[in-house]
1. Assign one of three labels to region 10-50, namely rounded, prolate or oblate, based on the Cα gyration tensor with a ≥ b ≥ c the square roots of its eigenvalues; rounded applies when a/c is under 1.5, prolate when it is not and a/b is larger than b/c, and oblate otherwise.
2. Give the distance, in whole Å, between the Cα centre of region 330-346 and the Cα centre of region 163-180.
3. Can you pull the percent of Cα pairs in region 262-382 with separation above 24 Å?
4. What trypsin sites (Lys or Arg not before Pro) in region 181-282 are in a loop by DSSP, with at most 15 other Cβ atoms within 10 Å of the Cβ?
5. Per residue, how much accessible area does the chain have with a 1.4 Å probe, in Å²?
6. How high is the FRET efficiency between D439 and E378 when r is their beta carbon distance and R₀ equals 35 Å, given to the nearest 0.05?
7. At R0 = 45 Å, how high is the FRET efficiency between Q428 and Q472 if r is their beta carbon distance? Nearest 0.05 is fine.
8. Shape of region 117-215 from its Cα gyration tensor (a ≥ b ≥ c, root eigenvalues): rounded if a/c is under 1.5, otherwise prolate when a/b > b/c, or oblate?
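The values are calculated or read from the model by the stated rules, or taken from the named source; none is laboratory data. Given the structure is predicted, the values throughout are model-derived calculations rather than measurements. No Cβ is skipped: glycine too gets one built from the backbone with ideal geometry, and neighbour counts run over all protein chains shown. Just the protein is used for accessible areas: all its heavy atoms, side chains included, with ligands, DNA and RNA removed. Shrake-Rupley method; radii C 1.70, N 1.55, O 1.52, S 1.80 Å.
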Amino acid sequence: LSVAAGAQPTSALPAMPGDLRYSPLDFQVPRAEQYRHTLANGVVVYLVEDHALPLVDVGVQVRIGSFLEPDSKVGLAGLTGTLMRKGGTASLGPGELDEQADRLAADLSVSIGSTSGSARMNCLTHVLEPCLGLFFEMLAKPRFDVSRLELEKSNILEDLKQRNDEPSSIARREWQWLLYGNEHFSSRLITGEALAGVTQNDLVEFHRSYWRPENMILEVAGDVDTTAVLAQLEKHFATAFPKSDQAARPVPWPPPPPRFQPRPGVYVVEKDIPQGRVQIGHLGIQRENWDDPRVAALSVMNEVLGGGGFTSRITKRIRSDEGLAYSAGSNFSVGSFWPGTFSAFFQSKSETVAFAAEIAIEEVKRIQSEPITTEELETAKSSFIETFPRSFESAQSVASIFASDEYLGRPHRYWYEYRDRVSKVSKQDVQRVASEYLDPAKLVFLVVGDWKSIQKGDSDGRATMAEFFGGQATVLPGRDPVTLEPVAKP
């Protein structure tokens, strides 16, 4: 084979891939202020031009969520978002809305979660104007078609019937309740009774009260002209959301925190499966402010402990060294509105659950009692610093991040200073936050599986469940998947 003109001779190539050397990446975070605009109605828009492809992304972030639902209407927020897209508009039936979106090759979506709502539109540049018209009609004048509502409720009911099928679904539910209780809005789960009680009028009222420009932040990215698209947005807002005497209902902000206090111990959900699904942890911390110095140190600590894949300690010991689990690791989340959680997790054969748990807790205590190595520190910090530019790899990412800043009240300097905060984390910082914010005495230990097999440990005698909390365990009730009421064992 001939060598292409200008190609490097083979002798100039390193002998091994590990010998490759690259010049330092000089990445500068975009400056948010150059993309920020305010419409006449007060709505903030982050707009980033990108003419590489003839595509436009438009997103709306809305201060809405299930925290605004009445206790008797669990599921209302999510259904409102779903039916805004699937339930047609004032002038278009559900099928007609779908046909119009297909004709324009526009991708439209709406969703409402626990503390925020969002809507998105993606389309080709040359059909932006009609797509914006369709998008804003969907947002401002949803029909909430009754037949589509009943169909969606029927589909959800079928999903509810299956939510005990997978141990992961059971574990998520019970873990949330063990750490935050089942009364907080973030822990409430839809039931068949609540689902049946949600009416079209409920959706109309929820939408009318909260889906208003006063609660919105926009993001636009793609092949647009800034001046022209701002004028288009002004026009569509004026048409879709005309000024009226009726203001949006005030949104209590921030959302209320849970009041529940977890009780340490071993908790068991019986399920006849050959493996035990395990989560071990406790509450984490709530961010004091966006400059909170603990956050970077905790991120690096968790990366070394179990968050860094095959290079992290829990993963390496449980998965690679002992072969006890395919997936094992840890997570330490820092909450913005209430404390996040720390958890170590794995799924192992019933007889080796106790041994894997013993290893996980050993690693928690080890990262508290001795400094991590220099190599671990640099690997963990590099994983955050070197992947950081990916957060801003597209125009849509840039617009979305800065719109989220506006939504959360996060100063843009958070991103400008991010890498510097991570780079300053020391081995002493890691050991300090591990000692302060990991507490083996407060661990909540959730096991989903065959407790009789799990309890006795492995045949080699390496560990049994008797070594945790004196061998005492609380067996949580099985629950009907639709009602979530406890079900007596046969």
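1. prolate
2. One Cα centre to the other: 16 Å.
3. Numbers: 2221 of 7260 pairs.
Pairs farther apart than 24 Å: 31 percent.
4. Taking region 181-282 and a limit of 15 other Cβ atoms within 10 Å, the loop trypsin sites (Lys or Arg not before Pro) found are K243, R259.
5. For the chain, the per-residue accessible area is 49 Å².
6. Numbers: r = 28 Å, r/R0 = 0.79.
Rounded to the nearest 0.05, the efficiency is 0.80.
7. Result of the calculation: an efficiency of 0.75.
8. prolate
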